[in-house]
Amino acid sequence: MRNLDFEFVDSSKKASKEQTRRSLTYWKDAWRRLKKNKLAMIGLVGVTLIILFGVVGPWFMPYSYSDQDNRFTNIPPRFEIYAIADDGYVFLSSQYNLILVSEKGELLDKLVRTNMDAINKVYTYSYNGEDIEVDFKNRLLEDDGGIDLKVTYKGVTSEYPTKTVSNKTFVWGSDNLGRDMLTRVMYGARISLTVAFVATIVNLIIGVTYGAISGLEGGLVDDIMMRIVDVINSIPLVLYVILLMVLIDNRGLWTIIITLGSVYWVGMARLVRGQVLGLKEQEYVLAARTIGVSKAKIISKHLIPNTMGPIIVAMTMMIPSAVFTEAFLSFIGLGVSAPMASWGTLANDALAGLSTYPYQLFTPSLAIAFTMLSFNFLGDGLRSALDPRLRKG
Amino acid sequence: MSKILEVKNLRTTFFTHLGEVQAVRGISFDLDEGGILGIVGESGSGKSVTSLSIMGLVDDPGRIVEGEILFEGTDLTKLDQREMTKFRGNEISMIFQDPMTSINPAFTVGNQLREVIMAHSDLNKEQAHERALELLRMVGIPDPESRIKNYPYQFSGGMRQRALIAMAIANNPKLLIADEPTTALDVTIQAQILELMRDLKDKIQSSIILITHDLGVISEICDKVIVMYGGMIMEKADINSLFANPQHPYTRGLLLSIPTNVTGKKKRLVPIEGSPPDLMDPPSGCPFSPRCPHAMEICLKKAAPLFKISETQEASCWLHHKDAPEVKGFVKVEGDLS
Amino acid sequence: MIGYYVKRLLSALFTLFLIATLTFFMMRAIPGGPFTREKPLPPQIIAQLNAKYNLDDPVIVQYFSYMKGIATFDLGPSFKELGLTVNDLIKQGFPGSMKVGFVAVMFILLFGIPLGIISALKQNKAIDHVVMVMATIGVTVPSFVVATLYIYFISSKISWIPITGLSNPLAYIGPAIALSGYSLSYVARLTRSSMLEVLRQDYVRTARANGLSEWRVIGKHALKNALIPVITYVGPMIAAILTGSFVVERIFSINGIGRYFVESVNNRDYTVIIGMTVFYSALYIVMVLLVDIGYSLIDPRIKLGKRSGD
Ligand SMILES: Nc1ncnc2c1ncn2[C@@H]1O[C@H](COP(=O)(O)OP(=O)(O)OP(=O)(O)O)[C@@H](O)[C@H]1O
Ligand code: SF4
Ligand SMILES: [Mg+2]
């Protein structure tokens, strides 16, 4: 009997057995790898959120970045309220303004202060013709015995706050002019991100053009261009940004953009030149050159698409550093002018009142850190996803 | 003749995040004391992973998942890293494929040589220096007194490989594994290094495993040979049987793809049509079946056992089964060993 | 070898010359003179001041006398703090900046490198994750945030840690943390990735194959190679730390040159801005030069005279 197992198989059947290798395109492959990277995905979500926050956020806010309410200055996001009989609740701000609030935490009004007894540390405020006495002696003592304020209204003294509520009027609190912090941080996002994106694009354009020309021309041109890059590289650039800002002396958005955009392209130029030198020797570029295709066309048709990967990574990393530099400039007083504010300006403004109103510093700082973190995660992820060395299987 | 090395059913797998790469899939072979064993096979067939498994140097995420490696009776797979260091560079040493990257660029050649010598002996620094000079002379580096102070970047590729060979033989190893010691070098340098290996083979009295793509080299130096494919052994034979009477379709393909004049100019192997299997998801049957001109139904289902052709030759191919169709040149042997 | 150093020195001097020139003309391009105030000074006083500081000379003459000043380490007078020279300000501020900078650099080297190594050796273990999360936060949180948080949460709560100034050794902690935060994290990350890269190298496998102990493989063969990129970064970083302390000095009220620089920027005190920029740049260039030379002694592969980074 013939053993069927020992029949020859025909070649068509064999072909189907042969391993078909997944052949994905570069970008699909990169995306697939990026999706697997948890941190990168967190970064992507973070970047999306922060952009939405800046772009869409302000539409949902009842305030604009410059709306002031001088009754409600420096109100924190959470505070302790004291019941005044059945007539409502009050809260004493750190500036000793007594604010009438609802039980839910909406700010209703600032009460008029009728008397200040600085010696006994008792201030008197008037509400509907009745006096409210606020005794804040304990607040200033080292050992307050667990009591912060004593609020006396209609002869009843409450020594303990009724509860702690969240500020419903200004969710992230208000600043020293009574402007809504959340709204300002949202507008700050617009400014910081606009500066970062546009400056990065300006850097990109300069850097790519410079690097591509240097790499393609080669020879003496390349030598001179790279010498210039070397010189620029050996200068502490922050100083030049500062000098330029002082020189232009105009606190507009464009000043910062132009300044940042014109200084930090060197890394990009080097990167592109390196890539170009590598690619230049490759056949299709040689072929394009021999049939007389113009340089501009070679740059746009061949080199740029092929150097996209590293450029994208460099850009992702450049954006947070632009946010950072902008914040730094604002922080030393060279930021966009009032009433607009970037995150750096907000942080700078908050510095003076740090010990009393720390929340004013925390929110813009958190926004900066969140943005930097998200872009860094995304950039790291992109770097490994687009790394040509990993492009196997 | 006693065995210096016995590898039994060795299975080494890389647990990558994309899946398991079964680089070595249950191979067994042994090496006689003083013997020279060649391993051939195309790229990715698991030759390096086999030798690294013996050295206990399989990198993460790889692991020996099964099998024994008996070196003079000691099972190396049972030893921890600390115990292995007593063997490595001392009783067993290894020469790697790429001399450009295998030598540390940050230290002088002398420094690295002395270090190996002193790690496994009681010699002091001066004695180790003398020994290092002697070794450099042995491997044919001219002017060793001044060369010993050089950094690797001052050495050419061929000289680096000589220096690495010097390190490998520094402590008179009982087993020397050379993993494609010439592949990364120029053709003329290749010949010189092989000449050196041949020369040393008589001087140092080690048993040697020589891994290569080049059947020509095997035929000149080795006395036994293993043909690997897809992480498995396809054929195991002494040199004469293999060249005179290959008993596996893959071996035949290999022999056909080298220039007829074996002793003539050596060329890198011209691969057989098709590509090697993906070890991530290896074919269930004979790994060679997708490319084999004689593939049968059973080949797709089940890998063939090693059929014993003669005292000196075994082949893993169903064509040796009594039920298989006749194919010219392939002998039938009794008994299905599976 | 010597030729290389001479060449490096000359190119450093040339760069410095370019910087001084550029800075000078940038500041001269500012509309309005240095004595433009919010409340305008009477014209005759301006004329007097102009004459006093030779500002009525042609620009080119001013340029040459300025360059001559720089060549003799004289950076000129301050136009806002009358009676003080830029040299005075630098003399006052430099020691403070150096001290804080030194402590910060020590922090970076003593913590950043070991953390990076540990992280690499324990790749994907808990400690690696902890270090890397910290390091990522470290590179993303700006120094002024670190500084203010430190003041808010630590030194204003713990009475024996001074908030500002450099009155006692504990006072250095805050400024040094704020100043080193970024670079420390960066160095830890860089050391880790460099170490991981090196551990994959063939020569590490050779070292293992030679039967060297794990301690030698890592502590000798891997470490020296892994530190090379770290050193490349650390060089300019030291310079940047010493020059980049504007924010930290301001927040901690340290009398350093960074603080004076920011003040001069806010006051539009042009000669001080120019002078400090030139001084900072010189410091930076000299540091990078020193580190480069030291580096060429460490890494045998550096081909002297060749431009690196290409
Ligand atoms: N670190 C690793 N991680 C994952 N897979 C690996 C690793 N090292 C080797 N492999 C896989 O193991 C298989 C066998 O590799 P090996 O290096 O042993 O081949 P080889 O026969 O030595 O080839 P060559 O002739 O090219 O040196 C290959 O498919 C390879 O992809
Ligand atoms: S077992 Fe089958 S497929 Fe494998 S080599 Fe032999 S005949 Fe070819
Ligand atoms: Mg190999």
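The values are calculated or read from the model by the stated rules, or taken from the named source; none is laboratory data. From a predicted model like this one, the values you see are computed outputs, not experimental measurements. Reconstructed Cβ throughout: ideal geometry from the backbone, glycine too, with neighbour counts over all protein chains shown. In case anyone asks, the SASA skips ligands and DNA or RNA and just uses the protein heavy atoms, side chains included. Shrake-Rupley method; radii C 1.70, N 1.55, O 1.52, S 1.80 Å.
For the range C:109-166, a tally of residues being part of a helix (DSSP H, G or I), within 10 Å of chain A (Cβ to nearest Cβ) and surrounded by 14 or more Cβ atoms within 10 Å (Cβ to Cβ) returns 14.
Within the range B:292-317, residues that are hydrophobic (A, V, I, L, M, F, W, C) have Cβ atoms under 6 Å from residues that are within 16 Å of ligand 1 (Cβ to nearest atom) in these pairs: B:Ala315/B:Glu235, counting only partners at least 6 apart in sequence or on another chain.
Here B:Glu72 does not fit the description of being within 14 Å of chain C (Cβ to nearest Cβ) and either away from ligand 1 (no atom under 12 Å from the Cβ) or surrounded by fewer than 21 Cβ atoms within 10 Å (Cβ to Cβ) (or both). Among the residues of the range B:161-182, is any away from every other protein chain (no Cβ under 14 Å), within 16 Å of ligand 3 (Cβ to nearest atom) and at negative phi? Yes, the conditions are met somewhere in the range B:161-182.
Applying the condition of being at the interface with chain A (Cβ under 9 Å from one of its Cβ atoms) and near ligand 2 (Cβ under 10 Å from one of its atoms) to the range B:294-317 and asking which residue is nearest to B:Pro249 (Cα to Cα) yields B:His294. The listed residues are B:Ala304, B:Ala295, B:Ala315, and the only one of them that is of a type in the set (Gly, Ala, Ser), open to solvent by 10 Å² or more (accessible area, probe 1.4 Å) and more than 16 Å from ligand 1 (Cβ to nearest atom) turns out to be B:Ala304.
Entry remark, the range B:1-26: residues being closer than 22 Å to B:Arg88 by Cβ, within 16 Å of ligand 3 (Cβ to nearest atom) and either over 16 Å from the mean Cα position of the chain (by Cα) or surrounded by fewer than 23 Cβ atoms within 10 Å (Cβ to Cβ) (or both) number 1 in total. Counting the residues of the range A:60-74 that are part of a loop (DSSP other than H, G, I, E, B), surrounded by fewer than 16 Cβ atoms within 10 Å (Cβ to Cβ) and under 24 Å from the mean Cα position of the chain (by Cα) gives 4. Among the residues making up the range B:88-112, those that are at the interface with chain C (Cβ under 7 Å from one of its Cβ atoms) and away from ligand 1 (no atom under 16 Å from the Cβ) are B:Arg88, B:Gly89, B:Asn90, B:Ser93, B:Ile103, B:Asn104, B:Pro105, B:Ala106.
For the range C:171-207, which residues satisfy the criterion of being in contact with a Lys or Arg (Cβ under 8 Å, 6 or more places away or on another chain) and surrounded by fewer than 24 Cβ atoms within 10 Å (Cβ to Cβ)?
Passing the criteria: only C:Tyr172.
Is it the case that some residue within the range C:247-264 is at the interface with another protein chain (Cβ under 9 Å from one of its Cβ atoms), touching a residue at least 24 places away in the same chain (Cβ under 8 Å) and part of a helix (DSSP H, G or I)? Looking through the range C:247-264, at least one residue is at the interface with another protein chain (Cβ under 9 Å from one of its Cβ atoms), touching a residue at least 24 places away in the same chain (Cβ under 8 Å) and part of a helix (DSSP H, G or I). Within the range B:44-64, if we keep just the residues that are open to solvent by 30 Å² or more (accessible area, probe 1.4 Å) and either of a type in the set (Phe, Trp, Tyr) or over 12 Å from the mean Cα position of the chain (by Cα) (or both), the residue that is farthest from ligand 2 (Cβ to nearest atom) turns out to be B:Asp60.
Taking the criterion of being open to solvent by 50 Å² or more (accessible area, probe 1.4 Å) and within 16 Å of ligand 3 (Cβ to nearest atom), the only residue of the range B:99-134 that qualifies is B:Met100.
For the range A:89-127, what are the residues that are in a strand (DSSP E or B) and more than 19 Å from A:Phe170 (Cβ to Cβ)?
Of the range A:89-127, the ones in a strand (DSSP E or B) are A:89-92, A:98-101, A:107-110, A:112-117, A:122-127.
Those that are in a strand (DSSP E or B) and more than 19 Å from A:Phe170 (Cβ to Cβ): A:Val112, A:Arg113, A:Thr114, A:Asn115, A:Met116, A:Asp117, A:Val122, A:Tyr123, A:Thr124, A:Tyr125, A:Ser126, A:Tyr127.
When only residues in the range B:183-207 that are at pLDDT below 85 and assigned to a loop (DSSP other than H, G, I, E, B) count, which is farthest from ligand 2 (Cβ to nearest atom)? Selected residue: B:Gln205. Condition test on A:Asn233, is it under 29 Å from C:Ala240 (Cβ atoms), of a type in the set (S, T, N, Q), open to solvent by 60 Å² or more (accessible area, probe 1.4 Å) and under 28 Å from the mean Cα position of the chain (by Cα)? The answer is yes for A:Asn233.
Here C:Val105 meets each of (1) in contact with a helix residue (DSSP H, G or I) (Cβ under 6 Å, 6 or more places away or on another chain); (2) not in a helix (DSSP H, G or I) with one exception, condition (2). Considering the range C:39-76 alone, what residues qualify as being without any contact (Cβ under 8 Å) to a residue 24 or more places away in the chain, of a type in the set (Phe, Trp, Tyr) and outside any helix (DSSP H, G or I)? If the condition is that a residue be without any contact (Cβ under 8 Å) to a residue 24 or more places away in the chain, of a type in the set (Phe, Trp, Tyr) and outside any helix (DSSP H, G or I), then C:Phe73 is the only one that fits. Restricting attention to the range B:123-130, does a residue exist that is in contact (Cβ under 8 Å) with a residue 12 or more places away in the chain and within 14 Å of chain C (Cβ to nearest Cβ)? Looking through the range B:123-130, at least one residue is in contact (Cβ under 8 Å) with a residue 12 or more places away in the chain and within 14 Å of chain C (Cβ to nearest Cβ). With respect to the conditions (1) within 13 Å of chain B (Cβ to nearest Cβ); (2) at pLDDT 80 or above, A:Ser11 lacks only one, and its number is (2). When restricted to residues that are out of contact with any helix residue (DSSP H, G or I) (no Cβ under 8 Å at 6 or more places or on another chain), basic (Lys, Arg) and outside any loop (DSSP other than H, G, I, E, B), the range A:147-190 contains 1. Taking the criterion of being open to solvent by 20 Å² or more (accessible area, probe 1.4 Å) and within 20 Å of the chain's Cα centre (by Cα), the residues of the range A:183-220 that qualify are A:Tyr187, A:Arg190, A:Thr194, A:Phe197, A:Val198, A:Ile201, A:Val202, A:Leu204.
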